[in-house]
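The values are calculated or read from the model by the stated rules, or taken from the named source; none is laboratory data. As the structure is a computational prediction, the values presented were derived from the model and not from experiment. Cβ coordinates were reconstructed from backbone atoms using ideal geometry, including for glycine residues, and neighbour counts include every protein chain displayed.
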Amino acid sequence: MQAANPRRGYILGLSAYIIWGLFPIYFKAIAAVPAIEIIIHRALWSALFGSIVLMFWKHPGWWRDLRNNPQRLAVLALSGTLIASNWIIYVWAVNNGRMLEASLGYYINPLVNVLLGMLLLGERLRRLQMLAVAFAAIGVAQQVWHVGSLPWVSLALPLTFAFYGLIRKQAPVAALPGLVVETWMLVPLALIWLALNPTAVSVQPEFWTTTQAIWLAAAGPVTLVPLVCFNAAARHLPFTTLGFLQYVAPTLVLLLAVLLYGEHLTTSTLITFAFIWAGLAIYSVDIWLKSRGRH
C-alpha cells in the first residue's frame with residue numbers, strides 16, 4: 001500500500017475542488033446549448049472517457065463483483081438518475097444567472113447530510129451539529145421571508161446530492177467505476193432523447209464544426225478528472241481535512257458570480273450567506289473537536 005503523502009494529497013484535493021469551483025466558466029462556454037442537452041452529452045462523453053480510464057485502472061475485478069450483484073446495479077441506476085438531476089439543476093442555474101443560489105446550495109450540502117443522517121439513519125446529533133443546522137435553517141427561512149418563495153435551487157442541489165450519497169452507500173462501489181456505470185445506465189435514455197429531438201442543437205451536423213462542439217465533447221474529462229484527483233487525495237489526507245477543503249468550490253462559484261458574471265449580492269442574500277457560514281463554522285469546529293477525541 002502506498003504511504004500517505006500529505007503534500008500530494010493537498011495538491012490533488014485542491015485541484016479537484018478548484019476544478020469543481022471553476023465549472024461555471026466551462027458551462028458558460030456552452031451556454032447556447034440547453035441544459036438538458038449538456039447533461040445528455042455529459043453522460044455520453046463521461047461513459048466513453050470513463051471506460052477508457054477504467055481500462056488502466058488497478059482493480060479489474062470491479063465489474064465481476066457488480067455483475068454478480070444485480071441489487072447493486074439497481075441502486076446505481078437510481079443514483080445515476082439523482083446525479084443527473086443534480087447536474088441539470090446546476091447547469092440550468094449557472095446559465096440562467098442563478099450562480100449565487102448554486103453556491104449557497106453547495107455551502108448548505110454538508111449540513112443537509114447531517115440532517116438526513118438524523119432523519120433517515122437515526123443518527124444522533126451532537127449539540128454543535130444541532131446548532132449548525134439551526135443556523136442554516138434560519139438563513140433559509142430569512143431568504144423565504146424576504147423573497148416570498150423557497151430558494152429552490154439552493155435546496156434542490158444539496159438534497160439531490162445528499163440523497164445520491166445516501167443511496168450510493170447501499171452499493172459500496174469505488175467512486176470511479178460507480179460513476180462510469182451510472183453514466184452508462186443513462187446512455188440509452190440519452191440516445192433515445194437525441195433520437196426523439198432531431199431539431200436539438202447538438203444533433204445538427206453544422207454544430208460539430210464549431211468550437212462549442214469541442215467544449216461539449218470535453219464533458220467526459222471535465223467530469224472525471226476532478227473525481228480522480230479527489231479519490232487520489234482521499235488516500236493521502238484525513239477525511240476531516242477533505243471536509244474543510246470542500247468549501248473551496250462554492251467560494252469560487254460565489255466569487256465568479258459576483259466578480260465575473262455580475263450577479264447582484266443583495267443584503268438579504270448576504271444575510272442568508274452569513275447564517276450559512278456561521279453554521280458551517282460551528283459544523284467545522286464540531287468535526288475538528290471530534291477528530292481530536294474531545295467528544
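Tabulated results
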quantity: Single match in ALA156, ALA162, ALA195 (criterion: modelled with pLDDT of 95 or more, under 27 Å from PHE273 (Cβ atoms) and of a type outside the set (S, T, N, Q)); calculated: ALA156
quantity: Single residue of MET55, MET99 found to be under 25 Å from LEU242 (Cα atoms) and more than 13 Å from the chain's Cα centre (by Cα); calculated: MET99
quantity: In the range 198-211, the residues that are touching a residue at least 24 places away in the same chain (Cβ under 8 Å) and over 18 Å from PHE49 (Cβ atoms); calculated: ALA200, VAL201
quantity: Unique match (being surrounded by fewer than 21 Cβ atoms within 10 Å (Cβ to Cβ), within 14 Å of the chain's Cα centre (by Cα) and of a type in the set (Gly, Ala, Ser)) among SER15, SER79, SER85; calculated: SER85
quantity: Tally of residues being surrounded by fewer than 19 Cβ atoms within 10 Å (Cβ to Cβ) and of a type in the set (Gly, Ala, Ser) across the range 150-178; calculated: 3
quantity: Of all residues making up the range 205-222, the number that are part of a helix (DSSP H, G or I) and either in contact with a Phe, Trp or Tyr (Cβ under 8 Å, 6 or more places away or on another chain) or surrounded by 20 or more Cβ atoms within 10 Å (Cβ to Cβ) (or both); calculated: 8
quantity: Scan of the range 99-132 for residues that are in a helix (DSSP H, G or I), among the aliphatic types (A, V, I, L, M) and either modelled with pLDDT under 90 or more than 17 Å from ILE282 (Cα to Cα) (or both), ordered by number; calculated: MET99, LEU100, ALA102, LEU111, VAL112, VAL114, LEU115, LEU116, MET118, LEU119, LEU120, LEU121
quantity: Check on ALA233, touching a helix residue (DSSP H, G or I) at 6+ places or on another chain (Cβ under 6 Å), under 30 Å from ALA4 (Cα atoms), modelled with pLDDT under 90 and among the small types (Gly, Ala, Ser); calculated: yes
quantity: Elements of type helices (runs of 4 or more DSSP H) contained in the range 230-295, each with 2 or more residues being among the small types (Gly, Ala, Ser); calculated: 267-291
